[in-house]
Amino acid sequence: MINKINKLSQSEFIKVFANIFENARWIAEELYNQKPFKDFIDLSSKMLNIFENTTKEKKLKILNDHPDLGSKAKISELTPESLKEQTSAGLDQCTKEEFSEFKKLNNAYKKFGFPFILAVRGKNKIEILNNFRQRVESEPDVEFNEAIQQVKKIASLRLEDMNNKGI
């Protein structure tokens, strides 16, 4: 599979990898310039390194490109990847009360300057709400670092999916 990836044109490559990090096409563009890759682990490692080594401002932009969790109003704005992840966690099946609590928590979380980010795969809406309730009380620096870790986890899971499917 890595040979196939290494042979992709720049436009094909960017199309495939543009949403590993939410709406961060520029990471895919930088990654393309690091070809050829030895294997998928090499590709994944280089992609994560691009994110880790970027400026705080670019990281903040990526954080802000993530959707609010459990927002009924914004479901049409989700990337296909985010829609799949939120649906698999049952966030599209919240009760009226749960949607209301997500809205309240999303609003309270705005104090951090970016949305609440959690890798929701393997979690249900109750676990997500419990995590949200705890993290909304965090200190800003702690929460920024946690959000960065969650973004990396989401990207790693998306890359893992691509590898398992043979892209």
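The values are calculated or read from the model by the stated rules, or taken from the named source; none is laboratory data. The structure displayed is predicted, hence computed values, not measured ones. Here Cβ is always computed from backbone atoms with ideal geometry, including for glycine, and neighbour counts include all displayed protein chains. Protein only, heavy atoms only, side chains kept; ligands, DNA and RNA dropped before computing areas. Shrake-Rupley method; radii C 1.70, N 1.55, O 1.52, S 1.80 Å.
Restricted to the stretch 134-148, and to residues there that are part of a helix (DSSP H, G or I) and aliphatic (A, V, I, L, M), the residue that is nearest to Gly70 (Cα to Cα) is Ala147.
Are any of the residues in the stretch 96-107 closer than 26 Å to Ala24 by Cβ, open to solvent by less than 70 Å² (accessible area, probe 1.4 Å) and under 17 Å from the mean Cα position of the chain (by Cα)? There is at least one residue in the stretch 96-107 that is closer than 26 Å to Ala24 by Cβ, open to solvent by less than 70 Å² (accessible area, probe 1.4 Å) and under 17 Å from the mean Cα position of the chain (by Cα). Within the stretch 108-133, the set of residues being of a type outside the set (Phe, Trp, Tyr), farther than 21 Å from Glu85 by Cα and in a helix (DSSP H, G or I) comprises Ala108, Lys110, Lys111. Considering only the stretch 57-64, I want to know if a residue exists there that is under 19 Å from Asn163 (Cα atoms), open to solvent by 40 Å² or more (accessible area, probe 1.4 Å), of a type in the set (Asp, Glu) and outside any loop (DSSP other than H, G, I, E, B). No - not one qualifying residue is present in the stretch 57-64.
Counting just the residues of the stretch 85-114 that are basic (Lys, Arg) and over 15 Å from Ile128 (Cβ atoms), which one comes out modelled with the lowest pLDDT? Within the stretch 85-114, the match that is modelled with the lowest pLDDT is Lys96. Are there any pairs, at least 6 apart or on different chains, whose C-beta atoms fall under 8 Å, with the first in the stretch 126-138 and of a type in the set (Val, Ile, Thr) and the second surrounded by fewer than 17 Cβ atoms within 10 Å (Cβ to Cβ), and if so, which? Every condition considered, the pairs that remain are Val136/Ala108. For the stretch 32-56, a tally of residues being part of a helix (DSSP H, G or I) and either more than 24 Å from Lys111 (Cα to Cα) or basic (Lys, Arg) (or both) returns 13.
Restricted to the stretch 22-48, and to residues that are modelled with pLDDT under 95 and crowded, with 20+ Cβ neighbours inside 10 Å, which residue is nearest to Ser156 (Cα to Cα)? Taking the candidates together, the pick is Glu22. Looking at the stretch 109-117, is at least one residue free of Cβ contacts under 8 Å to residues at least 60 places away in the same chain, open to solvent by 50 Å² or more (accessible area, probe 1.4 Å) and over 23 Å from Asn19 (Cβ atoms)? Looking through the stretch 109-117, at least one residue is free of Cβ contacts under 8 Å to residues at least 60 places away in the same chain, open to solvent by 50 Å² or more (accessible area, probe 1.4 Å) and over 23 Å from Asn19 (Cβ atoms).
Consider the stretch 123-157 and keep the residues that are acidic (Asp, Glu) and open to solvent by 50 Å² or more (accessible area, probe 1.4 Å). The one that is nearest to the chain's Cα centre (by Cα) is Glu146.
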